[in-house]
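Single-structure report; data block below.
The values are calculated or read from the model by the stated rules, or taken from the named source; none is laboratory data. Model, not experiment: these values are computed from the prediction. Note: ideal-geometry Cβ built from the backbone for every residue, glycine included; neighbour counts use all protein chains shown.
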Amino acid sequence: MSLTLEQVQRIAHLARIEISESEAGTTRDHLNGIFQLIEQMQAVDTRGVEPMAHAQELSQRLRDDTVTEADCRAACQAIAPETEGGLYLVPKVIE
Amino acid sequence: MINKSLKQLGAALAAKEISSVELTTLFLDRIERLNPEINAFISVDRERSLTQARAADARLAAGQGGPLTGIPIAQKDIFCTTGWRTTCGSKMLADFVSPYDATVIARLHDGAGMVSLGKTNMDEFAMGSSNETSFFGPVKNPWDRQRVPGGSSGGSASAIAARLAPAATGTDTGGSIRQPAAFCNLTGLKPTYGVVSRYGMIAFASSLDQGGPMAASAEDCALLLNAMCGFDERDSTSLDRPVEDYARDLEKPLAGLRIGLPKEFFNDGCDPAVMAAVQTAIDQYRKLGATLVDISLPNSHLSVPAYYVIAPAEASANLSRFDGIRYGYRAPDYDSLDDLYMKTRAQGFGAEVKRRILIGAYVLSHGYYDAYYLQAQRIRRLIAEDFASAFKACDIIIGPTSPTTAFKLGERTTDLVKMYLSDIYTIAVNLAGLPGMSIPCGFADGLPVGLQLIGNYFAEARLLNAAHRYQAATGWHEQRPADIDLNG
């Protein structure tokens, strides 16, 4: 497998990481090098093998539906780049 | 004092030979003097550490101290701390101050009464094997300052090796405790997945990440693990198990211990000088009464490829939270919300982190999920099953921690695959979720060699026992770098 520059830009958009035209070539070469390593997996016959998502086969633990955490809104907003009136500010989304 | 073990320091504090404030000052002074050259710490706050030390002294004076109360420790900068900033080695979090403490920090500090000396340097978001991906610059290996300390817990390793701290916390997703421990002549333990809480430990690959102790000896690691571990309802993968004393079996004789030697770890991919030290260690184990068993982990060569699908896939999801909205870096100029995301992430992440996010986004994308992500998860099961079969014939598995000793700074930054293969013996352990250790086992051309010990699930006490008996018989772990000033 070998990624094209267009594919690299498409993945970068999916990941919301801007890649300049000058960086794209190097990025493609690095990724292709890594995928060469990854491709070793394709030679393995894994038919019938159940995918293993996690080290411990546990079902998700549930807790009671009650409030356990204290209000930390002020502390959490204090570290945001931009807030106003208790809200996080983002650039205008709807014209 | 700076060369003492945690047990000895605990005894000195209990006997009032030294106070926690004096001990903390001793290490803070060393950090001030030696850190500018080694770069092991990202953040130090003398007053904050001394405040903790005063509280520890008060606790000791009131007779409410435990075995670790008043002893200083360095914290990997992946653990959220109130007070100190938590950067995770990234520009993205360069000014981030967490509103809460990680469970590991709370247990060591509030629970055990240990004193934090500061936050240690690391590869950005723990993605690296040399500490060279840190936004805060590379860390030097105290054994040879032209060489890397390993990664990603390289700052923690370097700090202990230079005796800027008697112990440190680390995290291990693919070898990030064990490989730097090997490169810096330390003892490091990655516990069974789920034993140490991940709450407040910044996520890289959630199904693989596990925190653990790094120190000079197995005995010290046992004491630290006792303080770090335990069920935490705030971590959905934390295991609710009975409390164990991990130091309980330290002195147990090794007679009858069955040690498995996987043939795949003893091939020509390993540096002959490293292999020679490992073979000598195996002979030592035989002298200590262990029986050697030849085993095979036939799929272990697939662990690196599978890891570089699974870990980036999980990372791409975990790191999507860094969007410039709620905390962390935000690009100064942008013309839309999408542009804000794109530029913030382009400027806030370093090259290696971006590469891994891109790999993750690709293997999870439509049309590639089955061929890459599911295939990697199937191989992960094969790897875990290899270990399950092996542990029918042996109690622990032994081999090299890394195929080479510490390499030179800059040597592998352009050869990514060579960098990734530095973790070829450690990654399978994370995929299976097993406990693993690295202990010093000698030197090759003056550089430390690490011996890896792998146990079955929850066999930490057995690993620590095997490590401790070896350390009592050999003393490799007591060797210190020649050109580090160990006075004062």
Problem set entry | Failed criterion for residue A:26 (all others in (1) assigned to a loop (DSSP other than H, G, I, E, B); (2) exposed (fewer than 15 other Cβ atoms within 10 Å of the Cβ); (3) polar (S, T, N, Q) hold) | (1)
Problem set entry | Number of the exception - residue A:50 against (1) in a loop (DSSP other than H, G, I, E, B); (2) more than 8 Å from every other protein chain (Cβ to nearest Cβ) | (2)
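From B:406, B:467, grab the single residue that is in a helix (DSSP H, G or I) and under 20 Å from the mean Cα position of the chain (by Cα).
Details: B:406 fails: in a helix (DSSP H, G or I).
On inspection, the qualifying residue turns out to be B:467.
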For this session: Name every residue in the stretch B:139-160 that is in a loop (DSSP other than H, G, I, E, B) and surrounded by 24 or more Cβ atoms within 10 Å (Cβ to Cβ), in order of residue number.
Result: B:139, B:142, B:143, B:148, B:149, B:150, B:151, B:152, B:153
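Yes/no per residue for (1) under 25 Å from residue B:257 (Cβ atoms); (2) surrounded by fewer than 24 Cβ atoms within 10 Å (Cβ to Cβ); (3) touching a helix residue (DSSP H, G or I) at 6+ places or on another chain (Cβ under 7 Å):
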{"residue": "B:410", "(1), (2), (3)": "no, yes, no"}
{"residue": "B:414", "(1), (2), (3)": "no, yes, no"}
{"residue": "B:434", "(1), (2), (3)": "yes, no, yes"}
{"residue": "B:438", "(1), (2), (3)": "yes, no, yes"}
{"residue": "B:450", "(1), (2), (3)": "yes, no, yes"}
{"residue": "B:457", "(1), (2), (3)": "yes, yes, no"}
{"residue": "B:466", "(1), (2), (3)": "yes, no, no"}
{"residue": "B:475", "(1), (2), (3)": "yes, yes, no"}
{"residue": "B:480", "(1), (2), (3)": "no, yes, no"}
Problem set entry | One residue from B:227, B:215, B:222, B:255 being farther than 22 Å from residue B:71 by Cα and aliphatic (A, V, I, L, M) | B:255
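Would you be able to tell me the number of residues in the stretch A:70-93 that are outside any helix (DSSP H, G or I), of a type outside the set (Ser, Thr, Tyr) and either touching a helix residue (DSSP H, G or I) at 6+ places or on another chain (Cβ under 6 Å) or surrounded by 10 or more Cβ atoms within 10 Å (Cβ to Cβ) (or both)?
So in the stretch A:70-93, the residues outside any helix (DSSP H, G or I) come out as A:70-72, A:78-93.
Adding the requirement that they be of a type outside the set (Ser, Thr, Tyr) leaves A:70-72, A:78-82, A:84-87, A:89-93.
Right, trim to either touching a helix residue (DSSP H, G or I) at 6+ places or on another chain (Cβ under 6 Å) or surrounded by 10 or more Cβ atoms within 10 Å (Cβ to Cβ) (or both) and you get A:72, A:78-82, A:87, A:89-91, A:93.
Number of matching residues: 11.
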Exercise. Which members of the stretch B:376-423 meet the condition of being at pLDDT 95 or above and among the aromatic types (Phe, Trp, Tyr)?
Worked result: B:387, B:391, B:407
Problem set entry | Filtered residue count, the stretch B:213-251, keeping only those that are within 16 Å of residue B:169 (Cβ to Cβ), in a helix (DSSP H, G or I) and in contact with a strand residue (DSSP E or B) (Cβ under 8 Å, 6 or more places away or on another chain) | 5
Seminar exercise, completed: Of the residues in the stretch B:355-394, those that are more than 7 Å from chain A (Cβ to nearest Cβ) and more than 27 Å from residue A:4 (Cβ to Cβ) come to B:383, B:385, B:386, B:387, B:388, B:389, B:390, B:391, B:392, B:393, B:394
For this session: With the condition kept exactly as written, say whether any residue in the stretch B:278-287 is within 21 Å of residue B:400 (Cα to Cα), touching a residue at least 24 places away in the same chain (Cβ under 8 Å), surrounded by 17 or more Cβ atoms within 10 Å (Cβ to Cβ) and out of contact with any helix residue (DSSP H, G or I) (no Cβ under 8 Å at 6 or more places or on another chain).
Result: yes
